[in-house]
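Shown next, in structure tokens, is the structure this report addresses.
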Amino acid sequence: MSAIDLHELSVKVGSATLVDNVTLSVEPGTWCTVIGPNGAGKTTLINLMTGMLRPDAGRISLGDEDITALAPEQRVQRGLVRTFQINSLFPHLTALESVTLAILTALSLAPVCHRRTRELAYGQQRLLEIALALATRPKVLLLDEPAAGVPREESKELFAAIAGLSHDITVLFIEHDMELVFRFASRVIVMVGGRVLLEGTPAEIAADPRVRAVYLGKARHG
């Protein structure tokens, strides 16, 4: 049984089709990333999965349950949790007040657990948001560009901390840094124009001429 399944999922805003007949499955314990150019439909896809947008057509299943009609909070209760491109935190609280010490320790936040959120480095704030998501005990964790706005060295530390999470959690993340994608993902989905262009292992994606030419650059990877 897949951790999450999308079947012929589509949504339009006005005359624009943002996600077009997308079908995909993510197996339990998989680290899966979605890549593609701006406007490819990546964030829209996560918004559909989490219930922030309702599809015009198609079905979403979490495990063996159809969650297509459920509200976002009902999906969280069933174990589908996300983070956002921009932090959504409580700046007046300390990290310790935000989440449990055990989760902070797992994500290397224990040394700063008594500091106000606004005093944390941006990479630590991103980790804190992930810690808040983990506090709900998710089955599937959706990360929308977790390294966005984080300096390169901090982003490596951020992903290294995420990599230490339990493999009982299925992770699907959007990321533009191809080095991070190929280092941490076990499955890669390429979206273009609201559709899935192809999916495969990092090695298969890196070898595909369309990806090499458009996303990775022939000189760098060729």
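Each value in this text was obtained by applying a stated rule to the coordinates, not by laboratory testing. From a predicted model like this one, the values you see are computed outputs, not experimental measurements. Positions of Cβ are generated from backbone atoms using ideal geometry, with glycine treated the same way; all protein chains shown enter the neighbour counts.
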(message) Apply the Karplus curve 6.51 cos²θ - 1.76 cosθ + 1.60, θ = phi - 60°, to the phi angles in the stretch 166-182 and return the couplings in whole Hz, x for Gly and Pro.
(response) 4, 6, 6, 9, 7, 10, 10, 9, 9, 8, 9, 7, 5, 4, 5, 4, 6
(message) Among Met191, Val76, Ala135, whose Cα projects farthest towards the positive end of the dipole of the chain, with charges put on the beta-carbon of Lys, Arg (+1) and Asp, Glu (-1)?
(response) Met191
(message) On a full-extension model of 0.36 nm per residue, what is the gain between Asn21 and Glu157, subtracting their alpha-carbon distance, rounded to one decimal in nm?
(response) 45.4 nm
(message) Through the Karplus equation 6.51 cos²θ - 1.76 cosθ + 1.60, θ set to phi - 60°, convert the phi angles of the stretch 185-199 into ³J(HN,Hα) values in whole Hz; use x for Gly and Pro.
(response) 7, 9, 9, 10, 10, 9, 10, 9, x, x, 10, 7, 6, 6, 8
(request) Take the Cα of Ala121, step 7 Å along the line toward its Cβ, and report every residue of the stretch 155-187 whose backbone nitrogen sits under 11 Å from that point. (result) 155-158
(message) Give me, ordered by chain and number, the residues 5 or more places off Ser2 or on other chains with an amide H under 5 Å from its own placed amide H.
(response) none
(request) Starting from the Cα of His176, step 7 Å along the direction of its Cβ; do the same at Glu73; then give the gap between the two resulting points in nm. (result) 3.4
(message) Ignoring everything except DSSP H segments at least 4 long, calculate the 222 nm mean residue ellipticity for the chain; use -39,500 (n - 2.57) per segment, divide by total residues, nearest 500.
(response) -8000 deg cm²/dmol
(request) Evaluate the charge dipole of the stretch 4-221 about its Cα centre and quote only its size in Debye, nearest 20, assuming +1 on the Cβ of each Lys and Arg and -1 on the Cβ of each Asp and Glu. (result) 380
(request) Fewest Cβ neighbours within 10 Å first, please rank Ser155, Ser61, Ser15 accordingly. (result) Ser15, Ser61, Ser155
(message) Suppose we keep just the DSSP beta bridges with both residues in the chain; what percent of those would be antiparallel, to 5?
(response) 55
(message) Please list, ordered by chain and number, the residues whose modelled amide H lies under 5 Å from the amide H of Val34; skip anything fewer than 5 residues away on the same chain.
(response) Phe173, Ile174, Glu175, Ile189
(request) Pull up all non-local amide H partners of Leu197: gap of 5 or more, or a different chain, and H-to-H distance under 5 Å with H placed in the peptide plane. (result) Val190, Met191, Val192
(request) Report Rg(Cα)/(2.2 N^0.38 Å) for the stretch 4-221, keeping two decimals. (result) 1.02
(message) Can you order the peptides 112-118, 129-135, 181-187 by their average number of other Cβ atoms within 10 Å per residue, highest first?
(response) 129-135, 181-187, 112-118
(request) Pop out the ³J(HN,Hα) list for the stretch 129-136 in order, Karplus 6.51 cos²θ - 1.76 cosθ + 1.60 with θ = phi - 60°, rounded to Hz; leave Gly and Pro as x. (result) 5, 5, 4, 4, 5, 5, 4, 7
